[in-house]
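The values are calculated or read from the model by the stated rules, or taken from the named source; none is laboratory data. No experiment lies behind these values; they were computed from the predicted model shown. For neighbour counting, all protein chains shown are included, and Cβ atoms are generated from backbone atoms with ideal geometry for every residue, glycine included. SASA here: full protein model, heavy atoms, side chains in, ligands and nucleic acids out. Shrake-Rupley method; radii C 1.70, N 1.55, O 1.52, S 1.80 Å.
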Amino acid sequence: MNVNSTNLDPQALESLYNECKQIIDQMIDSINETKTIVNKMNNYDHWDGNGYDNFNAKFNALADNFFSFCNDLYQLNNNIQSSIERYKNLENEIMRGIPYGI
């Protein structure tokens, strides 16, 4: 992310929002791909006894927490989207208040 805090206009905020959303989407894709790999490991060639079941239970707990974390990130990112709307509304109000010819 390359956003200068002194130049946060609606376009910069929109770029920040989109970049954050893309990163979170990639994080979700990565954990889903990892879950697929872990599910394919369910064979006795690699695991003795309950090894896979124990590993899978721990991994699923981690993945569930990760999904919750990503959901929190989506909600925080939605605050950026709300800020964009407020910024645009404020700009519109200011522009309506400035008489022509100044």
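One entry in (1) 0.98; (2) 1.40; (3) 1.31 is Rg/Rh (Cα atoms, Kirkwood Rh) calculated from the shown coordinates; its label is (3). Among 75-81, 19-25, 88-94, sorting by the average number of other beta carbon atoms lying within 10 angstrom of each residue, highest first, gives 19-25, 75-81, 88-94. Note on Gln22 and Glu85: the model spin-label points, each 7 Å out from Cα along the C-beta direction, lie 2.4 nm apart. Each label point was placed 7 Å from the Cα along the Cα-to-Cβ direction; for Gln75 and Ser15 their separation is 3.0 nm. Using the alpha-carbon atoms, what tilt in degrees (0 to 90, nearest 10) does helix 51-97 show relative to the longest principal axis of the chain? Once rounded, one gets 10 degrees.
A 1.4 Å probe run over the protein chains yields, for the chain, 76 Å² of accessible area per residue, whole-number rounding. Peptides 49-57, 9-17 ranked from most to least packed give 9-17, 49-57, packing being the mean of other C-beta atoms within 10 angstrom over each peptide's residues. Rounded to the nearest 10 degrees, the angle from helix 10-40 to the longest Cα principal axis of the chain is 10 degrees.
With all protein chains in place and a 1.4 Å probe, the accessible surface of the chain carries 52 percent carbon and sulfur.
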